[in-house]
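Read the figures in this text as sums done on the coordinates, not as results from a lab. Quick caveat, the model's predicted, so the values are computed rather than measured. Glycine also receives a Cβ, built like all others from the backbone with ideal geometry; neighbour counts cover every protein chain displayed.
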Amino acid sequence: MKNGNRKSLSVFSLFLPEIKELLEKKDFIGIKSLTKTINSMDLAEGWRRLEPNMKIIIFKLLGTKKSVELFENLPFNEQTHIINNLDNQEVAQIINDMAPDERADLFKELPKKVSRKLFLLVSKEHAINIRELIDFKESTAGSLMTTEFVELKKDMTAKQALLHIQENLRADYRENIYSLFVADENHKLIGVIPLQEILKAPPDIAIREIMIRAELIKIDVDSNATDVSLLFKKYDLFDAPVVDKNNTLIGIITVDDIVERIEKQTTKEFYEIGKMSPENGEIISYARATTLDLIKRRSGWLILLLIFDFLTGTVLKSFEATLSSVVALTFFIPMLLDTGGNAGAQTSITIIRGLATGDVNLKNIMRVIRLEFKTALFMGLIVGAVAFGRAFLLQKDFVLAAIVGITMLLIALLAIATGVFLPLFSKKFGLDPAVLAGPITTSIVDVVGLIIYFKIAQMLMPGLR
């Protein structure tokens with residue numbers, strides 16, 4: 001996880017004055033000794049508070065294991081700074097010792113020119129592994145998995161399995177082991193066994209007798225990452241095997257990968273709802289952000305929504321005569337459009353959330369639509385009645401109040417219908433519902449709502465025709 005928290009920063013703050021003092025004295029032995037006592041995550045969280053030249057000096061003084069752990073938990077811009085300031089041998093050491101999934105993530109973000117150069121520095125085995133992992137599409141199981149795992153055979157005894165685990169756990173093996181996966185001689189997945197079950201089992205018992213079937217928890221490499229997250233939640237998993245179309249065991253996904261994915265997805269959806277560029281869930285950190293960064297993230301949607309709002313002005317212009325005849329109609333436009341927008345937002349957010357959690361799917365879609373339309377009818381009647389009362393109290397005109405009330409009813413129905421169908425259509429065509437539903441729902445309600453309002457006014461007030 002590469003995002004900070006207040007507790008970690010406070011831990012690093014305790015060491016920062018001493019680090020700076022040791023650097024001023026050029027006491028490199030003291031720095032090396034001090035950094036051994038600081039957790040790698042705490043170093044990563046407070047890294048931004050160091051000057052650029054200090055970062056390189058400290059990084060070079062870290063042991064191999066800690067430097068790799070630190071590097072993996074730094075933001076991409078910090079990783080790039082380190083790569084640019086180390087010699088080829090030092091860079092090769094870091095990259096070759098990284099976890100396979102972390103190494104692949106780094107190569108995905110690097111410019112092609114830089115990645116080609118770094119490919120020359122990694123071992124042949126790692127280069128092949130990187131190319132395999134970066135070929136998987138984003139938001140699939142393949143993009144989340146690591147190829148670092150221990151494979152058992154069904155004819156092993158529990159004692160042999162433990163010896164096999166010890167022999168295969170290299171010094172740089174970094175994944176936590178929760179489960180072991182059992183495969184045949186051709187690496188076809190057969191079963192799974194929790195590590196604690198092996199530890200508790202009699203030494204001579206065969207693995208095939210204590211393993212369980214992996215059918216429920218095995219994940220196809222092309223599965224959607226959201227479905228993978230739901231699987232982990234449903235079965236309370238710490239890890240799960242990933243297989244290809246031939247049921248060959250090719251990797252595992254661990255719970256920390258899922259937590260990081262959920263955090264990024266949640267952040268992405270928050271920014272999309274707020275109409276900002278999501279940047280794949282990269283958090284906007286005010287500690288690192290610049291004015292240009294914020295402009296880039298915000299300006300695109302603001303301009304697009306502004307263009308959509310041109311349509312509202314066009315509709316108002318086309319009904320200019322109606323407005324000039326009954327000026328009181330203008331009093332209720334903000335109320336009608338704002339309420340419609342709120343109703344649409346309530347519905348679309350509920351549907352988007354349901355799609356994300358699996359609560360809304362093809363099996364229950366008709367029930368969801370029926371439920372929402374019943375709700376829309378009653379909500380329309382409620383807000384329509386309130387709008388009628390407000391208009392009558394303000395103007396003492398029954399016809400005008402009826403126009404406002406009926407319009408409010410129809411706009412509520414329109415908004416809720418749009419809030420239901422837009423996310424569903426987006427999902428159907430492989431688009432992100434959170435991106436499209438918000439602005440389009442608002443625009444439809446604004447434009448169509450105004451047309452409905454003035455058309456009803458013309459119907460009930462013959463003088464406006």
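Semi-axis lengths, largest first, of the ellipsoid equivalent to the stretch 209-262 are 18, 14, 9 Å, with √(5λ) applied to each eigenvalue of the Cα gyration tensor. Is the stretch 151-260 rounded, prolate or oblate when judged by the Cα gyration tensor, a ≥ b ≥ c being the square roots of its eigenvalues, rounded requiring a/c under 1.5 and prolate requiring a/b larger than b/c? Taking the square roots of the gyration eigenvalues as a ≥ b ≥ c, the stretch 151-260 is prolate. For the stretch 99-184, the relative contact order works out to 35 percent when only alpha carbon pairs closer than 8 Å and six or more residues apart are counted. Report note on the peptides 360-370, 245-255, 14-24: ranked by the mean count of other C-beta atoms within 10 Å, highest first, their order is 245-255, 14-24, 360-370.
Cross-link pairs exceeding 27 Å in C-alpha to C-alpha distance, out of LYS117/LYS188; LYS66/LYS108; LYS108/LYS363; LYS188/LYS428; LYS154/LYS264; LYS245/LYS428, comprise LYS117/LYS188; LYS108/LYS363; LYS188/LYS428; LYS154/LYS264.
Shape annotation for the stretch 6-144: C-alpha extents along the principal axes are 46, 32, 22 Å, from largest to smallest. Residues whose amide H falls under 5 Å from that of THR140, counting only those 5 or more places apart or on a different chain, are ALA225, with hydrogens built in the peptide plane. Rg and Dmax of the stretch 88-185, based on Cα coordinates, read 15.7, 49 Å.
Our estimate of slack between GLN196 and ASP222, defined as 0.36 nm per intervening residue step minus the Cα-Cα distance, is 6.4 nm. Were the residues from LYS317 through LEU377 laid out at 0.36 nm apart, the gain over their Cα-Cα distance would be 18.5 nm.
Electrostatic tally near LEU180: other residues with Cβ closer than 11 Å to its Cβ, Lys and Arg +1, Asp and Glu -1, net -2.
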